[in-house]
Amino acid sequence: MRARVRDRVPVVVQTRGVRSTPARLLWAAAEAVVTCGVVILLLVVHQLWWTNQQARAQAGEQVRVLEREFEREFEGGVEPGVIGGGGSPSPSSSPSALPSSVGSGSGASSPPPGIDLAPPSTPAYAILRIPRIGLTAPIARGVSKRSVLDRGYVGHYPNTAAPGQTGNFALAGHRNTHGEPFRYINRLRKGDRIQVQTRGASYEYVVDRVLAQTSPRDTGVIQPVPRSLVKPSYGYSEAGAYLTLTTCTPEFSSAYRLVVWAKRV
């Protein structure tokens, strides 16, 4: 009897590969976190890199189209510097706010009488060049995100002056993503040159003042005689030919607006 007990072989139950319920839940949660992280990373790459590539390609092609058109018209005998008459639009019809993310508004500004800013077939009518920050970008009418700003264009605020005219020629552009043409306008300093080339004239402005931060609803900065409603010490008190650049600040945020003012030479 004792010999039989001694010879008995113990039975081992294999449990490898079988997880308890808490372990399975923990594993599933870890997989979900990793998946979400990958999705977020792809969204960031799309927003920060791919949208810039697309918008810059569109904007660059539009600049080349405009340059070819301007060159053909110059060779055809269009007299440089003569683009028609007209005055500045009434300030009473200005937008109620600077556009969200510098571009949620809609509509396009009407040019002064006698000025054809662009033919119907082209979305842009002028070229903006800022040598200090290496910027060359097309200018289009309006500040719509979908049709203007998200394509890498610089938007011309509705109901502000035409290029070169007396009043305030006011522009908006993205600071981050979608081509980000105004990414580095915070680096502009007094005396920096800005050129605006249109279909028959080229205008030069010189940077004069910078308002580092103001409210998105500070519409005073784009009035014919620009002056901040939030910080009245910033701005002007006399009529002139002004150029205003606006974008979001700080970077990757639309909480405030950065404003650069220039005067026509």
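No lab work stands behind these numbers, since they all come straight from the coordinates. The shown structure was predicted, so the numbers you read here are calculated from the model rather than taken from an experiment. Every residue, glycine among them, receives a Cβ derived from its backbone with ideal geometry; neighbour counts consider all protein chains shown.
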Between V225 and A57, the FRET efficiency computed from the C-beta separation at R0 = 41 Å comes out, to the nearest 0.05, as 0.60
Spin-label point model (7 Å from Cα, Cβ direction): what's the A23 to S233 distance in nm? 6.8 nm
Cα→Cβ-extended label distance, 7 Å offset, between K263 and R64, nm: 3.9 nm
Starting from the Cα of K263, draw a straight line to each of the aspartates and glutamates and keep only those under 13 Å, dropping any in the same chain fewer than 8 residues away. D192, E204, D208, E238
Stokes-Einstein translational diffusion, region 180-265 - Kirkwood Rh over all Cα pairs, 0.692 mPa s, 37 °C, in µm²/s: 245 µm²/s
With a 10 Å Cβ neighbour count serving as the proxy for reagent exposure, in which order, fewest first, do I127, I139 appear? I127, I139
Run down the aspartates and glutamates and flag those whose C-alpha is under 15 Å from the C-alpha of K145, throwing out any fewer than 8 positions away in its chain. E180
In order over region 174-189: 3J(HN,Hα) from phi, Karplus 6.51/-1.76/1.60, θ = phi - 60°, whole Hz, x for each Gly or Pro, gives 5, 9, 9, 6, 6, x, 5, x, 9, 4, 10, 5, 5, 8, 5, 10
